[in-house]
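Before any comments, here is the structure.
No value in this document is a laboratory result; all are computed from the given coordinates. A quick note: this is a predicted structure, and the numbers were derived from the prediction, not measured. Quick reminder, even Gly has a Cβ in these numbers, built from the backbone with ideal geometry, and neighbours come from all protein chains shown.
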Amino acid sequence: MGSSFIVNIPSCLAGTGYKATTIKVALTSINQPGVTDTDDIKSLRDDPTAKVYYAGKFGVLPCRVTRDVIQVNYRDSSFTLNIVLGYQVGTEVCANTKGEYCNRVLQPASFYRVNFFILDENGSPKAYTDWSNPVQTLNVTDVSAIQSGLQRRSGGMVVITVLLSVALFILVVCLPITLILEKKKAP
C-alpha cells in the first residue's frame, strides 16, 4: 500500500571468522545520501527526525530454517506451506510501540532505499549490503481506492490470447484437411 513495502532479505549468510547472528534493516528516503557508517544511522526512539534510521532487526538463522519475517502460510488437511516474502518496512506508529527501534509508517508516493547490516554475536557490525534501488510506495491512502480488476493492458492480453488461440485451432483443423486433399491428388 502507500505506507509500507516488502523487501527481499539477504540470501544465506556465512561469515568468515565470525558468526552472523542479527540483521539490522536501515532505511532512508531517496533524497538522503546512503551512508554505511553505522554511527550516522539512528533509531527513531533516540532521534524522531532521523533521516537515515534503523527500521528493525531480525535474527539470522541457519540457511535451511525459515527466518522470522513476513510469511504466507497455507494450511490444508495434509500439509502446511510457508513462503517467506521478505521484511516489511513501514508498519508501525512509533507512539504505539515499544522496543529499541521503530519501523515508522512511510509516506505515500515517496521513494526509499534499504540496506541490511549484518552483526556478529557481540552486536558489532561485520558486513552490509549495498543500498537498494529506489522503492516507491503507492499513492494510495485508502484501501478501497486500489483497483483490483483487470486493467486495460491485461484486458488487451486476454483479447490477443483468444485471437491467437482461435488462429491455432484453425491451423490445427486445416492441417489434416490439407494432408487428406494432398493424398487424393497423388497418383
Quiz item: Going down the table (Lys57/Lys126; Lys57/Lys98; Lys19/Lys98; Lys19/Lys42), which pairs top 18 Å between alpha carbons?
Solution: Lys19/Lys98; Lys19/Lys42
Quiz prompt | Efficiency of FRET from Cβ geometry, Leu138 and Leu164, R₀ 35 Å, rounded to 0.05 | solution = 0.60
Exercise. Compute the length gained on full extension between Glu121 and Ala109: take 0.36 nm times their separation in residues and subtract their Cα-Cα distance, giving the result in nm to one decimal.
Key: 0.6 nm
Quiz item: According to a simple spin-label model (label point 7 Å from Cα along Cα-to-Cβ), what is the distance in nm between Ser29 and Asp130?
Solution: 2.5 nm
